[in-house]
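Here is the structure we will look at, set down as structure tokens.
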Amino acid sequence: MALALRFRCVAVLVFLLSSPSALPVVKVKAAALDLFTDKEALLSLKSQVTTDPSNTLFSWNNNSSPCNWTRVSCNQVNQRVVGLDLSGLRLTGSISPNIGNLPFLRSLHLQGNQFTGLIPDQLGVLSRLSVLNISFNSINGPIPLNITKCLNLQILDLMQNEISGAIPEELSSLKSLEILKLGGNKHF
């Protein structure tokens, strides 16, 4: 009897898996997935922050939209993160590579904190980025070459860090670049 029941269960399972019409169709709105991706990228950034003296990132949690979070700006049409301003908060930690998962990001202001580590290569995939300000931190290492893929970059401010190495000649390919600040770093 148990063998017959097991056979019947297996037969039903095989039918369900082999018949596309028997499976329920789950549709997820693309916008929801996109906003979810933005949320995950920002939560990853928050997870890399080791000190938040003013508790500014408290509103950043799974229970609300990133468009309602402190210091996050969203496009009203498609509800995507377009701006992030964490300037002057005295945050410590590093910049998460998942910042590259914010494809609509236009401005990133991280100046006046105590971020350490490298500038993530993943910033280079942010094709809409026009302002990148990471000045007055403790960022080290070279300027990543991928930054030259940010073709809309108008302001690149990396001054007063511990950036080392040569200034990439490829920065000259950034035709929209109007302001470049690299002073106060290690010798180039």
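Taking first residues from the range 106-125 that are at positive phi and partners that are of a type in the set (A, V, I, L, M, F, W, C) and at pLDDT 95 or above, the Cβ contacts under 7 Å between residues at least 6 apart in sequence or on separate chains come to Gly112/Phe136; Gly117/Ile95; Gly117/Ile139. Among the residues of the range 119-130, the ones that are among the small types (Gly, Ala, Ser), assigned to a helix (DSSP H, G or I) and more than 19 Å from Gly165 (Cα to Cα) come to 0 in all.
Considering the conditions (1) out of contact with any Lys or Arg (no Cβ under 8 Å at 6 or more places or on another chain); (2) part of a loop (DSSP other than H, G, I, E, B); (3) surrounded by fewer than 17 Cβ atoms within 10 Å (Cβ to Cβ), Thr116 is excluded by exactly one of them, (2). Scanning the range 131-162 for residues that are outside any loop (DSSP other than H, G, I, E, B), within 19 Å of the chain's Cα centre (by Cα) and hydroxyl-bearing (Ser, Thr, Tyr) yields one hit, Thr148.
Residues of the range 91-113 being assigned to a loop (DSSP other than H, G, I, E, B) and either among the polar types (S, T, N, Q) or touching a Cys at 6+ places or on another chain (Cβ under 6 Å) (or both), which ones?
Hits for the range 91-113 are Ser96, Gln111, Asn113.
Between Gly88, Gly165, which is among the small types (Gly, Ala, Ser), in a loop (DSSP other than H, G, I, E, B) and either in contact with a Pro (Cβ under 6 Å, 6 or more places away or on another chain) or crowded, with 21+ Cβ neighbours inside 10 Å (or both)?
Numbers: Gly88 fails: either in contact with a Pro (Cβ under 6 Å, 6 or more places away or on another chain) or crowded, with 21+ Cβ neighbours inside 10 Å (or both).
The match here is Gly165.
The single residue among Gly83, Gly93 that is small (Gly, Ala, Ser) and touching a Phe, Trp or Tyr at 6+ places or on another chain (Cβ under 9 Å) turns out to be Gly93. Of all the criteria given as (1) at positive phi; (2) at pLDDT 95 or above, the one not satisfied by Gln79 is (2). Within the range 62-75, residues that are surrounded by 16 or more Cβ atoms within 10 Å (Cβ to Cβ) have Cβ atoms under 7 Å from residues that are basic (Lys, Arg) and assigned to a loop (DSSP other than H, G, I, E, B) in these pairs: Cys74/Arg80, counting only partners at least 6 apart in sequence or on another chain. So for the range 94-114 (the condition being modelled with pLDDT of 95 or more, under 15 Å from Asp34 (Cα atoms) and aromatic (Phe, Trp, Tyr)), does at least one residue qualify? Yes: the range 94-114 contains one or more residues that are modelled with pLDDT of 95 or more, under 15 Å from Asp34 (Cα atoms) and aromatic (Phe, Trp, Tyr).
Listed by first and then second residue, the pairs linking a residue in the range 82-93 that is basic (Lys, Arg) to a residue that is part of a loop (DSSP other than H, G, I, E, B), with Cβ atoms under 6 Å apart and 6 or more places separating them unless they lie on different chains, are Arg90/Pro53.
Checked against the criterion of being within 24 Å of Gly141 (Cβ to Cβ) and in contact with a helix residue (DSSP H, G or I) (Cβ under 6 Å, 6 or more places away or on another chain), the range 59-81 has no qualifying residue.
The values are calculated or read from the model by the stated rules, or taken from the named source; none is laboratory data. Small disclaimer: the values here were computed from a predicted structure and weren't measured. All Cβ positions, even for glycine, are placed from backbone atoms using ideal geometry, and neighbour counts span all protein chains on display.
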